[in-house]
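The block underneath contains the structure these notes are about, expressed in structure tokens.
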Amino acid sequence: MDGMNVLSIKDTSKSYGNIEALNGLNLQVQQGEIWGILGPNGSGKTTILGIVLGIIHQDSGSFHWFEDKYGDHVRTKLGALLETPNFYPYLHADDNLAIIRHIKRSKETNFDQLLELVGLKERRKSKFSGYSLGMRQRLAIAAALVGDPEVLILDEPTNGLDPAGIADVRSIILKIASRGKTIIMASHMLDEVEKICSHVAILKKGRLLTEGLVGSILSDDMTIELQSEDLVLLEKILREMNQVNQIRRINSILEITVPKGFDSATLNRQLMDKGIVLQQLVIKKHSLETEFLEIVNK
Ligand SMILES: Nc1ncnc2c1ncn2[C@@H]1O[C@H](COP(=O)(O)OP(=O)(O)OP(=O)(O)O)[C@@H](O)[C@H]1O
Ligand SMILES: [Mg+2]
């Protein structure tokens, strides 16, 4: 299962009248990755999440979940939190979750673990109407997890919460991630994405500015794309190199992150010595932090 393609979005666009909400988006999400869709208000984050959940219909392009292996049942593999669900105000957490379970046709029999995870075990018998905003959001996360989905999709999960509430939600997300779930999260906060996500896609006005490992995009590390006939051998050799921090395979390309100042010519020569002829060596842009802040502060 490891390294399986969970979501593949191809050339996807969506307009509302003359507003381009999304323009030619391409994105690949692999199992276990935690993606932050990062961009200012109106950049198309919710539109992306709505499209891949089948709530919004794209004008063009396509997307595929799990390489289509689940067919029509894919929805049961996805847990989503786009806006706070309409819980029944006069019901407590257990009963509200039971309703969600019924809607999702899940067989989950007790919610102990779920309520423990979101820190609502003690308050499980309190009415929803008496919940604080943070508690409501945590119950919403629990609701998204009913049925044990493989992917969790969250739209600005910490919106409107106070610092303590934000910290709670972040640590819950990290716990969920540590269980091997794939997470796709929209956020307009750079530090949130840096703290939680493994990967980031930065959007502006419906266009993808850049995407990749958080460490390579939101730090001074460089990302290099490599292509060669024998990718398996190439990857094996790269893994033995000290300076190569991370390696990610995207179709026929290996994307590696290396420290700033890394000498790509030497790399090329070293690979040559080991019998690897590179068909491609592309150094991608790095340190987008300033650029990103410029965008969000506009
Ligand atoms: N139903 C709609 N009708 C018209 N325009 C829409 C609609 N939904 C979204 N848009 C527009 O599409 C663009 C992208 O919106 P979207 O909600 O995806 O952005 P976002 O990044 O999620 O923003 P925010 O951070 O405010 O949630 C915006 O210009 C928005 O005004
Ligand atoms: Mg939004």
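Quick look at the numbers
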item: For K107: the one exception among (1) of a type outside the set (S, T, N, Q); (2) touching a Gly at 6+ places or on another chain (Cβ under 7 Å); (3) at pLDDT below 95; result: (2)
item: Residues (among the small types (G, A, S), in a loop (DSSP other than H, G, I, E, B) and under 21 Å from D68 (Cα atoms)) located in the stretch 23-58; result: G32, G54
item: Breaking point among (1) of a type in the set (A, V, I, L, M, F, W, C); (2) within 30 Å of P259 (Cα to Cα); (3) buried (at least 20 other Cβ atoms within 10 Å of the Cβ), for I141; result: (2)
item: Selection count where residues are of a type outside the set (V, I, T), in a strand (DSSP E or B) and away from ligand 2 (no atom under 16 Å from the Cβ), scope the stretch 2-22; result: 7
item: Unique match (being of a type in the set (F, W, Y), crowded, with 16+ Cβ neighbours inside 10 Å and under 20 Å from Q31 (Cβ atoms)) among F66, F111, F87, F128; result: F66
item: Single residue of I100, I55 found to be more than 15 Å from R207 (Cα to Cα), away from ligand 2 (no atom under 15 Å from the Cβ) and touching a helix residue (DSSP H, G or I) at 6+ places or on another chain (Cβ under 9 Å); result: I100
item: Some residue of the stretch 72-80 being within 26 Å of L25 (Cβ to Cβ), within 16 Å of ligand 1 (Cβ to nearest atom) and loosely packed, with under 14 Cβ neighbours inside 10 Å; result: no
item: Given (1) within 30 Å of T210 (Cβ to Cβ); (2) touching a Lys or Arg at 6+ places or on another chain (Cβ under 6 Å), number of the condition D94 does not satisfy; result: (1)
item: Subset of the stretch 167-202 [over 17 Å from L117 (Cβ atoms) and either of a type in the set (A, V, I, L, M, F, W, C) or within 16 Å of ligand 2 (Cβ to nearest atom) (or both)]; result: I184, A186, S187, H188, M189, L190, E192, V193, C197, V200, A201, I202
item: Top-ranked residue in the stretch 251-274 [being among the small types (G, A, S) and part of a loop (DSSP other than H, G, I, E, B); ranked as surrounded by the fewest Cβ atoms within 10 Å (Cβ to Cβ)]; result: G261
item: Residue count, the stretch 147-161 (criterion: in contact with a Ser or Thr (Cβ under 6 Å, 6 or more places away or on another chain) and either more than 12 Å from ligand 1 (Cβ to nearest atom) or not assigned by TED's automatic domain parsing to the domain that holds I100 (or both)); result: 2
item: Some residue of the stretch 218-226 being modelled with pLDDT of 95 or more and either assigned to a loop (DSSP other than H, G, I, E, B) or within 16 Å of ligand 1 (Cβ to nearest atom) (or both); result: no
item: Restricting the stretch 149-178 to residues that are surrounded by fewer than 16 Cβ atoms within 10 Å (Cβ to Cβ) and not in a helix (DSSP H, G or I), the residue that is modelled with the lowest pLDDT; result: G160
item: Residues of the stretch 240-250 that turn out to be in a loop (DSSP other than H, G, I, E, B) and among the charged types (D, E, K, R), as a count; result: 1
item: Residue list for the stretch 145-163, filter: of a type outside the set (V, I, T) and either away from ligand 2 (no atom under 12 Å from the Cβ) or over 12 Å from the mean Cα position of the chain (by Cα) (or both); result: L145, G147, D148, P149, E150, L152, P157, N159, G160, L161, D162, P163
item: Residues satisfying the stated conditions in the stretch 56-71, i.e. touching a strand residue (DSSP E or B) at 6+ places or on another chain (Cβ under 9 Å) and either within 16 Å of ligand 1 (Cβ to nearest atom) or of a type in the set (G, A, S) (or both); result: I56, H57, Q58, D59, S60, G61, S62, F63
item: Residue check, K181 at pLDDT 95 or above and either within 12 Å of ligand 1 (Cβ to nearest atom) or not aromatic (F, W, Y) (or both); result: yes
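The values are calculated or read from the model by the stated rules, or taken from the named source; none is laboratory data. Here the structure is a predicted model, which is why all the values come from computation and not from measurement. Because the Cβ atoms are built from the backbone with ideal geometry, glycine has one as well, and the counts that use them run over all protein chains shown.
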